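Notes for the one structure printed next.
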Amino acid sequence: MDKKNRKAIIAGNWKMNKTATEAKALIGELIPAVKGAGCEVVICTPFTDLATAVALCKGTNIHVGAENVHFEDHGAFTGEISAAMLVDLGVEYVIVGHSERRQYFAETNETVNKRALAALNAGLKVIICVGESLEQREEGVTEELVRMQTKIALKDVTKEQMKNVVIAYEPIWAIGTGKTATSEQAEEVCGQIRKVIGEVYGADTAKATTVQYGGSMNAKNCDELLGKADVDGGLIGGASLKAPDFAVIVNAATKG
Ligand code: PGA
């Protein structure tokens, strides 16, 4: 019931893939493939592809996102990109706190929070990623960990700004491994995330917030995952680089 009232979002996370020339070809395939989507379709691309993506997706139902953003407005931060730079380019979404950023680029819950705030204050929509490692799951701390990641990421985010927040539950052990969480595991943790949001912002915000699952979601397993009551879409890595596969997932969300 509540699920129908929430926005289902299928977002591609291209990671460090596709030159601008290759992006042009992939988007050319994606536009007709997802044209009839009944869910929100987003592609998050490397910074170097954003201008191309924004230009090509203009007037289509595909929204464009970045994969990271710095928390300062401007200044001596060589190699970084600010929220204002993304907004000026016509970018609408940004992924914050992906586990690869946490793992390889020293991202912490606190910096995730700073990035989310900077992006939201600039008017961007954020996809905040949370999720446990295999070791943490085996130690039985998934719920505690995901609760903490979610709470800290949302520190100082207002109830009004929650309209622009998407949470993506991405178990690290399922990312790029071909090992998907079962639909029950995905549903359980997405439900726990919604519960935390309810504790902080109230039941209405919890009911309205899009919570995605990510981690080896593909054309074969998407129906089952997206059919779950608390799973409002997906953050798709590998399968977002193939237009036909991505379209199957988009259509599954449209049905779910
Ligand atoms: P995957 O990546 O679909 O390739 O597992 C998901 C993600 O990292 O967002």
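Residues M148, M162, ranked from the fewest to the most other C-beta atoms within 10 Å, line up as M148, M162. With the convex hull drawn over the C-alpha atoms of the chain, the volume per residue is 114 Å³. Annotation: Cα Rg of the stretch 165-215 relative to the compact-globule expectation 2.2 N^0.38 Å equals 1.20. What residues of the stretch 1-44 lie in the reach of a label at A203, counting those whose backbone N is under 18 Å from a point 7 Å from the Cα along Cα→Cβ? Zone members listed by number: 1-6.
Note on the chain: with charges restricted to the Cβ of Lys and Arg (+1) and Asp and Glu (-1), its dipole about the Cα centre is near 680 debye. Using C-alpha pairs below 8 Å separated by at least 6 residues, the relative contact order for the chain is 23 percent. Seen from a random direction on average, the alpha-carbon convex hull of the stretch 31-139 projects onto 8.5 square nanometres.
Kirkwood Rh, the stretch 58-203, all Cα pairs: how many Å? After inverting the mean inverse Cα-Cα distance, the result is 15.9 Å.
For the stretch 1-76, the normalised intensity computed at q = 0.18 Å⁻¹ comes to -0.75 (log10 of I(q)/I(0), Debye sum over alpha carbons, equal scatterers, no solvent). Take the Cα of V141, go 7 Å toward its beta carbon, and the backbone nitrogen atoms of the stretch 150-180 under 20 Å from that spot belong to 150-154, 169-175. Spacing of the modelled spin labels on D88 and E22, each 7 Å from Cα toward Cβ, amounts to 2.9 nm. Taking other C-beta atoms within 10 angstrom as a stand-in for reagent exposure, C39, C57 fall in the order C57, C39, fewest first. Applying the criteria of a DSSP loop state and at most 11 other Cβ atoms within 10 Å to the GluC sites (Glu not before Pro) of the stretch 55-161 yields E160.
Size descriptor for the stretch 138-188, Kirkwood hydrodynamic radius: 12.8 Å (Cα pairs only, one decimal). Here are some pairs, K18/K179; K15/K207; K4/K35; K24/K155; K18/K125; which of them have Cα atoms lying more than 27 Å apart in this structure? Pairs exceeding 27 Å: K15/K207; K24/K155.
None of the figures in this text is laboratory data; all of them are computed from the coordinates on show. Note that this is a predicted model, so its numbers are computed, not measured. In this analysis, Cβ positions are derived from the backbone assuming ideal geometry, glycine residues included, and neighbour counts consider all displayed protein chains.
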